[in-house]
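The values are calculated or read from the model by the stated rules, or taken from the named source; none is laboratory data. In this text the structure is predicted, and so the values were computed from the model without any measurement. We place every Cβ from the backbone using ideal geometry, glycine too, and count neighbours over all the protein chains shown.
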Amino acid sequence: MAEKNLNWAVLGVGVIANEMARAFHKQGKTFYAVANRTHEKAVAFAEKYNVAKVYDSIDEIFTDENVDVIYITTPHNTHYPFMKRALENGKHLLVEKSITLNSRELDEMIALANKKNLILAEAMTIWHMPLYKNLWRSIKRGDFGKVQIITLNFGSFKEYDMRNRFFNLDLAGGALLDIGVYALSIVRSFMTEKPTEILSQWKPSPTGSDEFSTILLKNSSGQMATVALSMHSKQPKRAVISCEKGYIEIMEYPRAEKAIFVDAETGAVKEIFAGEQTDALFYELNDMEQAILSGDASEMKLNFSKDVMDIMTTLRKNWKLRYPNEVW
């Protein structure tokens with residue numbers, strides 16, 4: 001971990017905020033402060049994780065001069081206004097996926113972060129798992145040959161409760177921004193360049209959110225990918241990266257610790273292990289702190305997050321799926 005103690009404040013106290021608090025606890029640390037729309041929940045979170053400061057209103061998190069970095073865990077339709085307030089007040093930002101609703105919002109926030117000389121990053125576990133760092137190095141060396149075709153599945157079965165975030169358009173619900181962002185992040189990380197050819201088909205839920213979709217991608221190097229997403233039908237979280245010398249298979253890919261490589265000629269199977277699934281948020285936290293302290297944010301892969309956001313924005317424009325009050 002970084003030697004200097006950075007003061008982290010967390011905005012939102014849902015499941016992922018609790019996971020990050022436990023990641024801090026494993027290292028003998030805690031959040032400096034917490035804010036939440038419902039004050040009582042923030043108080044309970046602070047008591048549970050020994051957080052010293054609870055803000056009476058969300059606005060205070062942005063203006064507290066003792067805060068170095070804010071972790072935003074609220075629903076993704078709220079990210080943009082919160083990010084803007086935080087960056088304007090000089091705070092580094094780690095923002096849960098999907099980092100914004102669309103490319104316009106993200107481009108504006110990237111420009112503001114650059115102007116303020118601040119680190120802005122998406123809390124995408126894939127960027128930080130040791131397994132992926134090892135695989136990317138191996139591919140760069142040419143160990144598996146060129147990546148040719150990538151196949152991704154991710155499906156959850158969510159009951160038709162149209163009030164929850166999975167289907168509610170007011171909460172920017174739908175498969176693409178909730179789970180598709182993981183699949184597309186895998187695609188982008190194993191491709192040499194951003195896909196520019198995008199085809200898709202989709203099925204709306206009763207609310208009009210994207211319930212199912214299949215996506216075809218291709219870049220100028222001829223690398224291709226297929227992605228199948230579902231919010232009302234279970235699928236395995238399975239990635240297959242087909243290369244010239246064989247294929248890599250990864251299960252539970254958002255926080256993977258194991259991959260297998262199957263040799264194309266011999267059929268030999270090699271298991272590859274790195275990292276621990278349970279430490280996913282610690283890796284994320286550590287990379288973010290190192291980025292802030294060193295000024296080198298390359299490990300945060302904001303350029304990949306931007307490419308993924310561009311793909312998702314293109315898809316939703318093609319589907320004519322705009323969220324209420326959203327500006328493209």
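In the stretch 227-238, the condition of being surrounded by 14 or more Cβ atoms within 10 Å (Cβ to Cβ), assigned by TED's automatic domain parsing to the domain that holds residue 315 and of a type in the set (D, E, K, R) is met by at least one residue. Within the stretch 175-208, the set of residues being under 22 Å from residue 305 (Cβ atoms) and in a loop (DSSP other than H, G, I, E, B) comprises 191, 192, 193, 194, 195, 196.
Each row is one residue, and each column tells you yes or no for (1) closer than 14 Å to residue 289 by Cβ; (2) charged (D, E, K, R).
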{"site": "4", "(1), (2)": "yes, yes"}
{"site": "13", "(1), (2)": "no, no"}
{"site": "21", "(1), (2)": "no, no"}
{"site": "25", "(1), (2)": "no, no"}
{"site": "38", "(1), (2)": "no, no"}
{"site": "52", "(1), (2)": "no, no"}
{"site": "56", "(1), (2)": "no, yes"}
{"site": "66", "(1), (2)": "no, no"}
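Does any residue of the stretch 310-319 turn out to be under 20 Å from residue 16 (Cβ atoms) and modelled with pLDDT of 95 or more? So that I can check it myself, show each step before the final result.
So in the stretch 310-319, the residues under 20 Å from residue 16 (Cβ atoms) come out as 312.
Now narrow it down to the ones that are modelled with pLDDT of 95 or more: 312.
Scanning the stretch 310-319, I find at least one residue that is under 20 Å from residue 16 (Cβ atoms) and modelled with pLDDT of 95 or more, so the answer is yes.
Kindly check whether there is at least one residue in the stretch 35-58 that is crowded, with 16+ Cβ neighbours inside 10 Å and among the acidic types (Asp, Glu). Looking for residues that are crowded, with 16+ Cβ neighbours inside 10 Å and among the acidic types (Asp, Glu), one finds none in the stretch 35-58, hence no. Scanning the stretch 2-29 for residues that are modelled with pLDDT under 95, surrounded by 14 or more Cβ atoms within 10 Å (Cβ to Cβ) and assigned to a loop (DSSP other than H, G, I, E, B) gives 2, 29.
Could you grab me the full set of residues in the stretch 282-326 that are at positive phi and surrounded by 21 or more Cβ atoms within 10 Å (Cβ to Cβ)? Walk me through how you get there before you give the answer.
Here is the first cut: in the stretch 282-326, the ones at positive phi are 295, 301, 320, 325.
Listed by number, the list holds a single entry, 301.
Kindly indicate which of 321, 315 is closer than 26 Å to residue 226 by Cβ, touching a Gly at 6+ places or on another chain (Cβ under 8 Å) and not polar (S, T, N, Q). Let's see the steps before the verdict.
Values: 315 fails: touching a Gly at 6+ places or on another chain (Cβ under 8 Å).
Going through 321, 315 in turn, just one is closer than 26 Å to residue 226 by Cβ, touching a Gly at 6+ places or on another chain (Cβ under 8 Å) and not polar (S, T, N, Q): 321.
Output the residue which, of all residues in the stretch 167-223 that are of a type in the set (Phe, Trp, Tyr) and over 26 Å from residue 140 (Cα atoms), is surrounded by the most Cβ atoms within 10 Å (Cβ to Cβ).
If we filter the stretch 167-223 for residues that are of a type in the set (Phe, Trp, Tyr), which is where we start, we get 167, 182, 190, 202, 212.
Then keep just the ones that are over 26 Å from residue 140 (Cα atoms); that gives 167, 202, 212.
Details: 167: 25, 202: 19, 212: 17.
Step by step, filter the stretch 167-223, then rank; the result is 167.
Here is a check on your reading of the model: is residue 144 crowded, with 23+ Cβ neighbours inside 10 Å and either hydrophobic (A, V, I, L, M, F, W, C) or within 21 Å of residue 101 (Cα to Cα) (or both)? No: the conditions fail for residue 144.
Yes or no: the stretch 83-91 includes at least one residue that is closer than 30 Å to residue 258 by Cα, among the charged types (D, E, K, R) and over 21 Å from the mean Cα position of the chain (by Cα). Within the stretch 83-91 (the criterion being closer than 30 Å to residue 258 by Cα, among the charged types (D, E, K, R) and over 21 Å from the mean Cα position of the chain (by Cα)), the answer is no, since none of the residues qualifies.
For beta carbons closer than 9 Å, sequence separation of 6+ or different chains, a first residue in the stretch 73-84 that is in the same structural domain as residue 112 (by TED's automatic domain parsing) and in contact (Cβ under 8 Å) with a residue 60 or more places away in the chain and a second that is crowded, with 17+ Cβ neighbours inside 10 Å and hydroxyl-bearing (Ser, Thr, Tyr), the qualifying pairs are 76/98; 76/100; 77/323; 82/74.
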